[in-house]
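The block underneath contains the structure these notes are about, expressed in structure tokens.
The values are calculated or read from the model by the stated rules, or taken from the named source; none is laboratory data. Since this is a predicted model, take the numbers as computed values, not measurements. Virtual Cβ from ideal backbone geometry, glycine too; neighbours counted across all protein chains shown. Heads up: the accessible areas ignore ligands, DNA and RNA and are worked out on the full protein's heavy atoms, side chains in. Shrake-Rupley method; radii C 1.70, N 1.55, O 1.52, S 1.80 Å.
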Amino acid sequence: VKVKRRGDDTKYVAKVLARGVDCDIALLSVESKEFWEGAEPLNFGHLPRLQEAVTVVGYPLGGDTISVTKGVVSRIEVTSYAHGSSDLLGIQIDAAINPGNSGGPAFNDQGECIGVAFQVYRSEEAENIGYVIPTTVVSHFLDDYERNGKYTGFPCLGVLLQKLENPALRACLKVQSNEGVLVRRIEPTSDAHSVLKEGDVIVSFDDVRVGCEGTVPFRTNERIAFRYLISQKFAGDVAELGIIRAGNFMKLQVALNPRVHLVPYHIDGDQPSYLIIAGFVFTPLSEPLIDEECEDSIGLKLLAKAHYSLAKFKGEQIVVLSQVLANEVNIGYEDMSNQQVLKFNGTRIKNIRHLAHLVDSCKDKYLVFEFEDNYVAVLERETASAASSSILKGYGIPSERSSDLLEPYVDSLGDNQAIDQDFGDSPVSNLQIGIDALLWA
């Protein structure tokens, strides 16, 4: 990354110390002392009030000179961060924000930095809706890096919640007061899975009462989504939950950690894992892969899994056959693409490292791949092995697998754990899609 100071045409090399994908922030370091000469740090300001003036600085639509736009704070709430698909505190402003403003500071009238511009909402029905990452989120990112020497991410509780606005629903659950949210579903990979139960009602978080709309007190005469309290924690922190279970009130301790995504929104290291077997190109399903392909080629069933299924264990992946490099050894399969592979020689696949291990250790005569909808592809092992090098050479591919698959395979689940369940095959019901009363904490 190259950076330069305003009014200076010298570019300096910057090192990326940390990337916060979920909060859309990166931390850079410049080793050159010349870069820092005469530089004055910005002071972080308080979280602004509604209608307070805000000035956004940046380079909208490129350009070589700085641009300044001004507006007011329109709203402060937990909002969706489009880059990392996370829900964190955000400041909505009406100042113009355009491509090139991202990463630029936002100032109050005292010249203090109140946040970082990062996204805009574009619609024919709405205008002048821009968003700023508040200093509370920026400070959390910096504190996380300082604590751990790396960025670990914002934690989550790992539960699907339902509001309890209906009096009959509260009465049925034996909730006496007008408060609490219902635990609808618990992620298997979360620490809450061994503590909470479906049907529990969360009425407090660290002794802060949770309203029946899923909100908690926030400043004077304001309320905010319950998820805000979770986002103030750090990975590994323990929260005390007050719950009602079968009419009985109790307090439980739950550890908070970053959410485990079955289908990642970003690829670690920016290079996807891949495995090529006799022209069959396997790779884990990810949001970047979905973005590259059209919905028709991915298929609705795979899209539903990608968006609504939960990981049953850490390290689980949906492995897909992305394409087939045509060769006489794979005749009849060359039109296959974007299909999930479920089993190899009868063994259910956990992730792409597991698939590579199964293929490497196979001594059977045939390589049998079982896909969705009972589709089967069979290759003769010795013939497939002999053809692999010529296929790679013909398509100009230097290696049959990505570098991360060259490391020895370690079974994180243990060899004796039963794996006959349908990994990556638990899409939520239609009632859990697109309903405002449901929210992930």
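Sparsely packed loop sites in region 351-404 (the chymotrypsin sites (Phe, Trp or Tyr not before Pro) outside DSSP H, G, I, E and B with at most 15 other Cβ atoms within 10 Å) comprise Tyr375, Tyr395. P(r) tail, region 98-226: Cα-Cα pairs separated by more than 23 Å, 56% of all pairs. Per-residue ellipticity at 222 nm for the chain, helices alone: DSSP H runs ≥ 4 residues times -39500 (n - 2.57), over residue total, nearest 500 deg cm²/dmol? Value at 222 nm, helices only: -4500 deg cm²/dmol. Segment Asp206..Asp9, full-extension length gain: 65.8 nm, with 0.36 nm per residue of separation and the alpha-carbon distance subtracted. Scattering from region 236-336 was approximated by placing one identical point on each alpha carbon and applying the Debye formula without solvent; log10 I(q)/I(0) at 0.13, 0.15, 0.16, 0.25 1/Å stands at -0.64, -0.76, -0.82, -1.32. Using the Cβ-Cβ distance between Thr65 and Gln110 with R0 set to 22 Å, the FRET efficiency works out to roughly 0.35. Built from the Cα atoms of region 180-318, the convex hull projects on average onto 11.6 nm², one quarter of its surface area.
Working from Cα pairs under 8 Å separated by at least six residues, relative contact order for the chain is 11 percent. Overall size of region 163-262 from C-alpha positions, given as principal axis extents largest first: 35, 34, 25 Å.
Rolling a 1.4 Å probe over the protein heavy atoms gives region 1-105 an accessible area of 60 Å² per residue. Loop-located GluC sites (Glu not before Pro) in region 314-360 (DSSP state other than H, G, I, E, B) with a sparse environment of at most 15 neighbouring Cβ atoms within 10 Å: Glu334.
Pairs exceeding a 18 Å alpha-carbon distance, out of Lys197/Lys305; Lys2/Lys150; Lys365/Lys393; Lys150/Lys233; Lys2/Lys70; Lys197/Lys251: Lys197/Lys305; Lys2/Lys150; Lys365/Lys393; Lys2/Lys70.
Is the C-alpha gyration tensor of region 331-407 telling us rounded, prolate or oblate? Criteria: a/c under 1.5 is rounded; beyond that, a/b larger than b/c is prolate, otherwise oblate. It is rounded, given that a/c, with a ≥ b ≥ c, falls under 1.5.
Percent of C-alpha pairs per 10 Å bin in region 1-122, short distances first: 12, 39, 37, 12, 0.
Over the chain, the pair-distance histogram of Cα-Cα distances with 20 Å bins from zero comes to 21, 47, 29, 3 percent, rounded to whole numbers. Summarising the label geometry, the points placed 7 Å from Cα in the beta-carbon direction at Glu292 and Leu28 lie 2.7 nm from one another. Quick one: longest stretch of the chain between exposed loop trypsin sites (Lys or Arg not before Pro), exposed meaning at most 13 other C-beta atoms within 10 Å and loop per DSSP? The longest such stretch corresponds to 220-313. Partner aspartates and glutamates whose Cα lies under 18 Å from the Cα of Lys4, excluding those fewer than 8 positions away in the same chain, are identified as Glu31, Glu34, Glu37, Glu40, Asp64.
When the solvent-accessible area of the chain is split by element, carbon and sulfur atoms take up 48 percent of it, the probe being 1.4 Å. By the compact-protein rule of thumb, 2.2 N^0.38 Å, the alpha-carbon radius of gyration of region 202-252 corresponds to a ratio of 1.19. Computed over the alpha-carbon pairs of region 119-173, the distance histogram in 10 Å steps reads 17, 20, 26, 27, 10 percent, short to long.
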